[in-house]
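**Student:** Here it is, the structure in full.
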Amino acid sequence: QPLIDTENGRYLGAEVLVRWPHKEHGLIMPDQFINIAEQTGVIQSLSLWVIKNAIQTLKRWITVKPDFLLSINISASNLQDENFLRAMNFLFYENKDLAKNVILEITETQVMSDTQSALKNLWGLSELGFHIAIDDFGTGYSNLAYLKKLPASELKIDKSFILNLESDKQNQVLVHTAIEMAHNLGLKVVAEGVESEKSRIILEEMGCDMCQGFHICRPVSVDQFEELLKTHG
């Protein structure tokens, strides 16, 4: 799904979204299988498979747009496993320069669930050159002082605050406050779930850096995205 500059609509990057095309049940969404993958331990292999394929795609896209950013969600199970850090080092060993084009997203609730190991591995990933984003911000009741300790460069406001942004004045106050707080901490801000032009304009006026959502574009295949990138890059 495209990630755009809120002000001018230029494509800055994309978020990788995984789907499971099942012969019997059709297209299965991640909320139906990610929890099972985490419980069974398959999440490690699944995450690394997604990242490995993303590397190959990213190599093509940076030939069109060298500063292209690709966001990839990682699980708390990944973050708490030191083997994941070693695996990432191995996957990017011959592509070290690509790390600067990759944003690893971790939800604030996942970070808070195991602070010591999460913080250690987040810093390890940051030292490898990856950008770190705090996803679903606003849903996890984070300790704001703790957020300062994270090697994050981006904060993603949860879509539950954006979907009714036009009509909910309280949400507007919360979103505006979150944007100002993030900027004061030196973080870029992404709004998820933007579904109308009016919402995009409100976010632009608030100073939100980037946005994504159905108003911009629904999730598309890699081939479809490449055509969009040629037009909007």
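**Student:** Name the residue, out of 63, 139, 177, whose mean-square fluctuation peaks in a Gaussian network model built on the chain with Cα pairs under 10 Å.
**Tutor:** Of the options given, 63 has the highest mean-square fluctuation.
**Student:** Testing the spin-label approximation: label points 7 Å from Cα along Cα→Cβ at residue 215 and residue 60. State their distance in nm.
**Tutor:** 3.1 nm
**Student:** Give a residue-ordered list of calculated ³J(HN,Hα) values for segment 17-22 (Karplus: 6.51 cos²θ - 1.76 cosθ + 1.60, θ = phi - 60°; whole Hz; x for Gly, Pro).
**Tutor:** Each residue of segment 17-22 in turn: 10, 9, 10, 10, x, 9 Hz.
**Student:** Using a ≥ b ≥ c from the Cα gyration tensor of segment 1-64 (square roots of the eigenvalues), is it rounded, prolate or oblate, where a/c under 1.5 gives rounded and otherwise the larger of a/b and b/c decides, a/b for prolate?
**Tutor:** Cα axes put segment 1-64 in the prolate bin.
**Student:** Can you give the % of DSSP beta bridges in the chain that are antiparallel, to the nearest 5?
**Tutor:** Numbers: 8 of 29 bridges.
Antiparallel: roughly 30 percent of the beta bridges in the chain.
**Student:** A further question follows. Could you tell me the relative contact order of the chain? Use alpha-carbon pairs under 8 Å, at least six residues apart, and round to a whole percent. Numbers along the way, then the final one.
**Tutor:** On the way: 344 pairs, mean separation 48.3, N = 233.
Relative contact order comes out at 21 percent.
**Student:** A further question on this structure: Give me, ordered by chain and number, the residues 5 or more places off residue 12 or on other chains with an amide H under 5 Å from its own placed amide H.
**Tutor:** 3, 4, 5
**Student:** Now for a separate question. Where in the chain are the DSSP H helices whose alpha-carbon span along the long axis reaches 27 Å or more and whose Kyte-Doolittle mean is at least 0.5?
**Tutor:** Values: long enough: 43-64 (32 Å, 0.55).
What comes out of the filter, once short or polar helices are dropped, is 43-64.
**Student:** Could you work out the helix-only [θ] at 222 nm for the chain, with each DSSP H run of four or more residues adding -39,500 (n - 2.57) and the total divided by the number of residues, to the nearest 500 deg cm²/dmol? Working shown, then result.
**Tutor:** On the way: 10 runs with 103 residues, N = 233.
Calculated at 222 nm, the ellipticity per residue is -13000 deg cm²/dmol.
**Student:** Ignoring ligands, DNA and RNA, please state the percent of accessible area on segment 125-197 from carbon and sulfur, probe 1.4 Å. Walk me through the numbers before you get to the answer.
**Tutor:** Values: 1820 of 3600 Å².
Solvent-exposed carbon and sulfur of segment 125-197 make up 51 percent of the total.
**Student:** Does segment 84-233 come out rounded, prolate or oblate, given a ≥ b ≥ c as the square roots of the eigenvalues of its C-alpha gyration tensor, rounded meaning a/c under 1.5 and, failing that, prolate meaning a/b above b/c? Kindly include the intermediate steps, with their values, before the conclusion.
**Tutor:** Numbers: a/c = 2.25, a/b = 1.21, b/c = 1.85.
Oblate is the answer for segment 84-233, as a/c is 1.5 or above yet b/c matches or exceeds a/b.
**Student:** Follow-up. Could you state the accessible area per residue of the chain in Å², with a 1.4 Å probe and every protein chain left in place? If you can, show how the numbers build up before the last one.
**Tutor:** Values: 12200 Å² over 233 residues.
For the chain, the per-residue accessible area is 52 Å².
The values are calculated or read from the model by the stated rules, or taken from the named source; none is laboratory data. Everything numeric in this text was worked out from a predicted model, so none of it was measured. Cβ: placed from backbone, ideal geometry, glycine included. Neighbour counts: every protein chain shown. What goes into the accessible areas is simple: the full protein's heavy atoms, side chains included, and nothing from ligands, DNA or RNA. Shrake-Rupley method; radii C 1.70, N 1.55, O 1.52, S 1.80 Å.
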